Structures are given as C-alpha cells and as structure tokens.
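K.L.:
Take this structure, written in structure tokens, and hold onto it; I'll ask about it next.
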Amino acid sequence: MTLELQGIGVSRGIAIGKAHILFHNQPDVREYLIPAFAIEEEIERFLDALTEAKKQLKAIRNQIPANAPTDVSAFIDTHLLMLNDSSLSKVPVDMIRSRHCNAEWALQLQRDALINVFNEMDDPYLRTRRDDVDHVVNRIHRILSDQDVADHEIPDGRLKGHIIIAEDLTPADTLLMQHQGIAAFVTEHGGATSHTTILARSLGIPAIVGVGSVRRYIQDNELLIVDGENGMLLAGTDEITEAEYRIRRITFDKHIASLSKYKSQPTKTRNGKTITLLANAELPEDISAISNIGAQGIGLYRTEFLYMNRSAPPEEEEQLAAYRDVVEGMNNQPVTIRTFDLGADKTVDGGRTSSQTATNPALGLRAIRLCLKFPAMFRTQLRAILRASAFGKIKIMFPMISSTQELVQAKHLLELCKQELDNEELEYDRHIQIGAMIEIPASAVCAEMFAKQVDFLSIGTNDLIQYTLAIDRIDDNVNYLYDPLHPAVLKLINMTLEAGKKYNIPVSMCGEMAGDPRYTRLLLAMGLEYFSMHPNALLVVKQIINETDLTLLPSNTLQIMDMTDTSDAQILLEQINSNKFIAS
Ligand code: PEP
Ligand code: MG
C-alpha cells in the first residue's frame, strides 16, 4: 500500500532511491560536579573540543569544490565564526569555573540561553540562526562525548543514491552528503528559509522539510519517491507509480537543462512586453550567483544579515565596504538596498541580550519603526549606503512603511546625511532613488499616498499576506491559511500596481510570490513588470514570461480577484497556467 507523507517542498526535483535514516538524537546531557583541583583540566577538555570542532569544519570547507555556490562556504564560515564567538568559546568556560560543572552541562546551559533569545525573535531569517546554534553545539557535544563521527560523515560512498531521512540536518551535514551523492533529503523540522533549505536549493538537491515524525513511518532501505516541488514523500509505491515518477524525473531534468538558454535572452512576453527580472540577496557572497544567472539587478538586498551574530551593529566603514562590494559586483546594474528590517528591539545589539520582549513582535518595533527609534544607528546605515552609491547604481528602500510621517522622517534623516557628506566632501549619488515597501494592508490601500512621495514601490508579499490574513508567518499552526490567492491579497496588490501606474513610478514585487512560477502569469496579467526573487527561481520564471502571450490568457483572468471560493480561484489559476496559453 502506498504511504503518502506531505511536507513543505523546499527544493524542486524528483528523486527515487532507498531510505537511509539518520538517528542522531539530542545528546543526553547531565550535570556533575567537578572538584576544584580538576576545573582547569575540564576547561582544557572543553577548549580541546572547540579546537577539534574548528578542525572538522575547516576540513569540510577544504572539500568544497571550487565551482560550488558561494553559499556553501558561507554556511561553514558562519559556524566557524560562532565557534570563535565568546558566547560559545568563553561563556561556557566561565560557567565551568563558577558552577564547578562539567563542560557538557555548561555548553548546554549556554545553548539554552542562546536558543531562548532566538525563540523570541519574530523575524524568520534571524530565527533560523537557532538551528545554527544547535548544529554547532551538537558538534561540540559529539566531540566531548567521544562519539564516532555521525554516520553521514563516513566518506565511504555508501549513501550514494540514497534518500536521507533525518530529524534535522546541518548545512555541513548536507554538504558532506552531497559529496557522497545523496539523491534527496527529507527532514522532520526546518522551514522554507532555513540555511539547510537554502543550501539544498543552491546545490540542486530535491528536499522536503517539516514531515512530522517521518522517521517513525519509514524503514531503512525502503524504496522512496521524493517530489521536492510538491513536498510529497511516497513509500510502498507500485511499479506503475514508480515508472510514472521516473518519467517525471527525466522530464524535470530536461526542463532544468533547457533553462540555461534563457540566461542571455531578454525578458519579454510573446506579445512584446518587456519585463525586468531582479534578484533578492542577503549576503555579499550571493552576488556572483546572481550575475551568472542573468538578473538585471538586485531588487532587494536584505541588510539585516550584516547585523547578525555580533555584539554591536556594523560601523559605517564596514557597511560601506559590504555595499560597495555588492554594487561593484553587479557591474553597473541597479542594487536596491533595504534599510535594516530587524525584528523587535532585542536584535538591536545583534540578539545577544533581550532587554524587552514584545508581546506581539510582528506588530511591534521592527523595520522602519526600529530605524526611526534608533536614528544614530539608522544614520550610520544611510551614510554607508549613500557613500556606496558613488560606486554604482544604488536605490534605497524603506521596509514596512505604514504612514507618510515615517516616510517624511526617513527622508529627513537621509537629507541630513547628505548634508553631512557634502560638508565632509564625500561623494555620493545626489539623485539616489528612494522607495517604500508595501507590506502592510493599510499601505496598499493608501498606496497612492506613498506613490506621490517616492521613486518606486516594492510589494513585500511575505508580510503583506501575514498582516492581511492575520497569520504569523512563522507559526506552523496557522501556516495553512497563507494564501496568495486570497481576494484581499490580490486586491491589495492590484491597488499598489494601480497607484504606481497613476503616478508613473515603477512597482516591483520582492516577496516569495514573485518567484513562485504558479503566480507568474497572473501577476503579469495584473500588470506587474518588475519581479525580484531568489536567484534559483529566476530562469523558471523567465521561461514562463518569455513563453506567454498575454493576449491569449483567459478573458476572465482578472476576475480571480473577486473569487470568494478558494477552489474556484485555484481552477481559474490552473486555466491561466494551462499550456494552451503558451504561444508555440
Ligand atoms: C516581504 O515581506 O515580502 C519581504 C520581501 O521582506 P522580508 O521577507 O524580508 O520580510
Ligand atoms: Mg517583509
């Protein structure tokens, strides 16, 4: 009998292979007292474990092939940085000394303290750092307990072609297993924005996350089918189903290979409408992948990553260097830098301390509200962005704008920074463009009000959907309500596009919806001309655009905005996406 398990498909592709189940459970850590005379020895044991962990990670990094995506080494570097950070290298040592406890216990206490800080964060990108803490701590625990290397680290090639079933995976695990030729992985935990997920996409490994208790249902060596696009794991399938998926896999592989031809093609619909395809970036290291894929610029550079894992926000010079690298790496193509969209005030200091915990952080002090609350920190960033604009085409984008007052204040601070730079005779682009993100329903309804005051708007659908439908985007319990086709969401997008048209300013979309090929044609029909997305989605979306004749779409396409029944909207979306509307 076929067993179908549904999870979140986070990396596309079909894999068929035997299961290999990983059972590396959380370490069983207990406290025991260390006598005073043995404290220094215990500290040495802990420090030796840290050194060994660094050695292991460096060895992994050395195995990364030169042509691997830059994300790959960035993940390992993040873990190395964490090992060097005093929160992991010093605080446990202090605890061993003050509590007279064993190294494992001190490490576990510090792990719990760090995890608590991350658990309080409302920003999913920052929350994924929680996984990093666990991955690094588990590695040290393994070394402290003299455990053999985890079974997926045995480089004997026995995982080749296997589908890995795990509770969770670290980016380092994923990388090692990719070297061994794994076919796919399925995990119980993880989300669409975790580092392991991003890595799987970069490496092209089909992957499903969030399949609760999967290790209980699957047996080692059982034949499995992974459909990474639809998030479906199949076990116990009959020969017919298996054959069907083998055909689907061949078709998918051919499809991916065929996409490379789009890299150098202009982005234009069959009926001659030119579309701009931009990429979203988080780190300066993302830039080479972005320019290789043929993006026409960066539509969203999420600067908050620069503020993470540190005890103080980055200084102007450091930010300038980072932004300059990005803009120079993009060879004169435009880069839209979004001012820091950190969560509530707890992340002002990089998340090390939680001075205040907002009851409802998603509605609290985040994004532009935080920028304006801490003008000195905001001005440091604005100065750095302005100065970087002397080296290439930069635009500034303010996140989560909800009122014109916020926009006026942000622009005022920007003017002050310009004056300062003039006084200091420092170069910057005097005509730098300013944009506002439309992520709050109120702002979409009043998009015209903002359109009058900025050079461009950008729709952040991740938050727009969260706030419109009142669903916390990081709460697993309500994720099923997340629906880009909800008529309220579509109407708000439409209002924003209309405002842009009326005031003759470009409107882009940089939320996940822009990179989801299911919505490409609908968004084109609604009039979206600027799409910004994860670089791996770019060629798929470009293919759809280049093969669509908008004049052939169903005449009732835009009626989807009035469809109150979800299934009616889905049926219409399928018609819109049907191949009969692909011009031959
Ligand atoms: C969004 O909200 O759609 C967006 C692009 O911003 P972020 O995902 O960084 O909140
Ligand atoms: Mg947002």
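K.L.:
Filter the stretch 425-449 down to the residues that are assigned to a helix (DSSP H, G or I) and within 16 Å of ligand 1 (Cβ to nearest atom) and list them by number. Walk me through how you get there before you give the answer.
P.N.:
First, the residues of the stretch 425-449 that are assigned to a helix (DSSP H, G or I): 441-445, 447-449.
Scanning the stretch 425-449 gives 441, 442, 443, 444, 447.
K.L.:
Give just the number: which of (1) under 25 Å from residue 434 (Cβ atoms); (2) out of contact with any Gly (no Cβ under 8 Å at 6 or more places or on another chain); (3) not in a loop (DSSP other than H, G, I, E, B) does residue 560 not satisfy?
P.N.:
(1)
K.L.:
Moving to a separate point now. Mind checking whether some residue in the stretch 520-528 is among the small types (Gly, Ala, Ser), free of Cβ contacts under 8 Å to residues at least 40 places away in the same chain and crowded, with 19+ Cβ neighbours inside 10 Å?
P.N.:
The first filter runs over the stretch 520-528 and keeps only residues among the small types (Gly, Ala, Ser), leaving 525, 527.
Keeping just the survivors that are free of Cβ contacts under 8 Å to residues at least 40 places away in the same chain gives 527.
Subsequent filtering for residues that are crowded, with 19+ Cβ neighbours inside 10 Å retains none.
No; the residues of the stretch 520-528 include none that is among the small types (Gly, Ala, Ser), free of Cβ contacts under 8 Å to residues at least 40 places away in the same chain and crowded, with 19+ Cβ neighbours inside 10 Å.
K.L.:
Please pick out the residue among 372, 421, 407, 416 that is under 21 Å from residue 327 (Cβ atoms) and more than 16 Å from ligand 1 (Cβ to nearest atom). It would help to see each step written out before you state the result.
P.N.:
Working: 372 fails: under 21 Å from residue 327 (Cβ atoms); 407 fails: under 21 Å from residue 327 (Cβ atoms); 416 fails: under 21 Å from residue 327 (Cβ atoms).
Only one candidate passes the filter, namely 421.
K.L.:
Moving on. Please count how many residues of the stretch 12-71 are modelled with pLDDT of 90 or more, over 19 Å from residue 144 (Cα atoms) and among the basic types (Lys, Arg).
P.N.:
So the count comes out to 1.
K.L.:
I'd like the full set of residues that are away from ligand 2 (no atom under 16 Å from the Cβ) and among the acidic types (Asp, Glu), limited to the stretch 447-466.
P.N.:
Result: 448, 455.
K.L.:
Mind listing whichever residues of the stretch 483-512 are closer than 15 Å to residue 457 by Cβ and within 16 Å of ligand 2 (Cβ to nearest atom)?
P.N.:
492, 493, 496, 507, 508, 509, 510, 511
K.L.:
With the requirement that a residue be within 12 Å of ligand 1 (Cβ to nearest atom) and acidic (Asp, Glu), what does the stretch 450-468 give you? Before you say what the answer is, go through the steps one by one.
P.N.:
Applying the first criterion (within 12 Å of ligand 1 (Cβ to nearest atom)) to the stretch 450-468 yields 458-468.
The one that is within 12 Å of ligand 1 (Cβ to nearest atom) and acidic (Asp, Glu): 463.
K.L.:
Does at least one position in the stretch 363-370 carry a residue that is assigned by TED's automatic domain parsing to the domain that holds residue 319 and more than 16 Å from ligand 2 (Cβ to nearest atom)?
P.N.:
Within the stretch 363-370, not a single residue is assigned by TED's automatic domain parsing to the domain that holds residue 319 and more than 16 Å from ligand 2 (Cβ to nearest atom).
K.L.:
From 241, 251, grab the single residue that is under 27 Å from residue 163 (Cα atoms), assigned to a helix (DSSP H, G or I) and in contact with a Ser or Thr (Cβ under 8 Å, 6 or more places away or on another chain). Write out each step before concluding.
P.N.:
Working: 251 fails: in contact with a Ser or Thr (Cβ under 8 Å, 6 or more places away or on another chain).
Being under 27 Å from residue 163 (Cα atoms), assigned to a helix (DSSP H, G or I) and in contact with a Ser or Thr (Cβ under 8 Å, 6 or more places away or on another chain) holds for just one of 241, 251, which is 241.
K.L.:
Somewhere in the stretch 510-527, is a residue assigned to a strand (DSSP E or B), at pLDDT 95 or above and not assigned by TED's automatic domain parsing to the domain that holds residue 209? Spell out how you get there, then give the answer.
P.N.:
Here is the first cut: in the stretch 510-527, the residues assigned to a strand (DSSP E or B) are none.
No, that holds for no residue.
Matching residues to (1) within 16 Å of ligand 2 (Cβ to nearest atom); (2) among the acidic types (Asp, Glu):
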residue: 533; (1), (2): yes, no
residue: 537; (1), (2): no, no
residue: 542; (1), (2): no, no
residue: 546; (1), (2): no, no
residue: 568; (1), (2): no, yes
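K.L.:
Any idea which residue in the stretch 178-194 is modelled with the lowest pLDDT, counting only those that are under 19 Å from residue 79 (Cα atoms) and crowded, with 24+ Cβ neighbours inside 10 Å?
P.N.:
Among them, the one singled out is 194.
K.L.:
Do you know which residues across the stretch 500-517 are surrounded by fewer than 23 Cβ atoms within 10 Å (Cβ to Cβ) and either within 12 Å of ligand 1 (Cβ to nearest atom) or farther than 21 Å from residue 271 by Cβ (or both)? Steps first, please.
P.N.:
Here is the first cut: in the stretch 500-517, the ones surrounded by fewer than 23 Cβ atoms within 10 Å (Cβ to Cβ) are 501-506, 512, 516-517.
Of everything in the stretch 500-517, those that are surrounded by fewer than 23 Cβ atoms within 10 Å (Cβ to Cβ) and either within 12 Å of ligand 1 (Cβ to nearest atom) or farther than 21 Å from residue 271 by Cβ (or both) turn out to be 502, 503, 504, 505, 512, 516.
K.L.:
Within the stretch 467-482, identify whether any single residue is within 14 Å of ligand 2 (Cβ to nearest atom) and assigned to a helix (DSSP H, G or I), and answer yes or no.
P.N.:
Checked the stretch 467-482: at least one residue is within 14 Å of ligand 2 (Cβ to nearest atom) and assigned to a helix (DSSP H, G or I).
K.L.:
Give the number of residues within the stretch 299-321 that are modelled with pLDDT of 85 or more, more than 16 Å from ligand 2 (Cβ to nearest atom) and not in a loop (DSSP other than H, G, I, E, B).
P.N.:
Within the stretch 299-321, the first condition is being modelled with pLDDT of 85 or more, and the residues that meet it are 299-303, 313-321.
Checking the rest, the ones that are also more than 16 Å from ligand 2 (Cβ to nearest atom) come to 313-321.
Okay, now just the ones that are also not in a loop (DSSP other than H, G, I, E, B), so 316-321.
Counting residues in the stretch 299-321 that are modelled with pLDDT of 85 or more, more than 16 Å from ligand 2 (Cβ to nearest atom) and not in a loop (DSSP other than H, G, I, E, B) gives 6.
K.L.:
Looking at (1) assigned to a helix (DSSP H, G or I); (2) in contact (Cβ under 8 Å) with a residue 60 or more places away in the chain; (3) within 12 Å of ligand 1 (Cβ to nearest atom), can you tell me which one residue 494 breaks?
P.N.:
(3)
K.L.:
For residues that are aliphatic (A, V, I, L, M) and more than 14 Å from ligand 1 (Cβ to nearest atom), scanning just the stretch 469-491, find the one that is nearest to residue 571 (Cα to Cα). Steps first, answer last, please.
P.N.:
Going through the stretch 469-491, the residues aliphatic (A, V, I, L, M) turn out to be 469-471, 474, 478, 481, 485, 488-490.
Applying the additional criterion that residues be more than 14 Å from ligand 1 (Cβ to nearest atom) yields 470, 478, 481, 485, 488, 490.
Values: 470: 25, 478: 24, 481: 18, 485: 11, 488: 18, 490: 16 Å.
Looking at residues that are aliphatic (A, V, I, L, M) and more than 14 Å from ligand 1 (Cβ to nearest atom), I get 485.
K.L.:
Given the criteria over 18 Å from the mean Cα position of the chain (by Cα) and either of a type in the set (A, V, I, L, M) or surrounded by 21 or more Cβ atoms within 10 Å (Cβ to Cβ) (or both), does residue 319 qualify? Can you show your working first?
P.N.:
Values: over 18 Å from the mean Cα position of the chain (by Cα): yes; either of a type in the set (A, V, I, L, M) or surrounded by 21 or more Cβ atoms within 10 Å (Cβ to Cβ) (or both): yes.
For residue 319, the condition - over 18 Å from the mean Cα position of the chain (by Cα) and either of a type in the set (A, V, I, L, M) or surrounded by 21 or more Cβ atoms within 10 Å (Cβ to Cβ) (or both) - is met.
K.L.:
Related question: Out of the stretch 340-362, which residues are modelled with pLDDT of 55 or more and either over 21 Å from the mean Cα position of the chain (by Cα) or crowded, with 23+ Cβ neighbours inside 10 Å (or both)? Quick ask: steps written out before the conclusion?
P.N.:
From the stretch 340-362, those modelled with pLDDT of 55 or more are 340-343, 358-362; that's our starting set.
Listed by number, the residues that qualify are 340, 341, 342, 343, 358, 359, 360.
K.L.:
Can you confirm whether the stretch 380-396 contains a residue that is assigned to a helix (DSSP H, G or I) and within 15 Å of ligand 1 (Cβ to nearest atom)? Steps first, please.
P.N.:
Initial filter on the stretch 380-396 (assigned to a helix (DSSP H, G or I)): 380-391.
Still in the running and within 15 Å of ligand 1 (Cβ to nearest atom): none.
No, there is no match, as no residue in the stretch 380-396 is assigned to a helix (DSSP H, G or I) and within 15 Å of ligand 1 (Cβ to nearest atom).
K.L.:
Residues 385, 401: which one is within 16 Å of ligand 2 (Cβ to nearest atom), within 15 Å of residue 341 (Cβ to Cβ) and either in contact (Cβ under 8 Å) with a residue 24 or more places away in the chain or not acidic (Asp, Glu) (or both)?
P.N.:
When all the criteria are applied, what remains is 401.
The values are calculated or read from the model by the stated rules, or taken from the named source; none is laboratory data. Bear in mind the structure is a predicted one, so any value in this text is a computation, not a measurement. Using ideal geometry, Cβ is built from the backbone for each residue, glycine included, and neighbour counts are taken over all protein chains shown.
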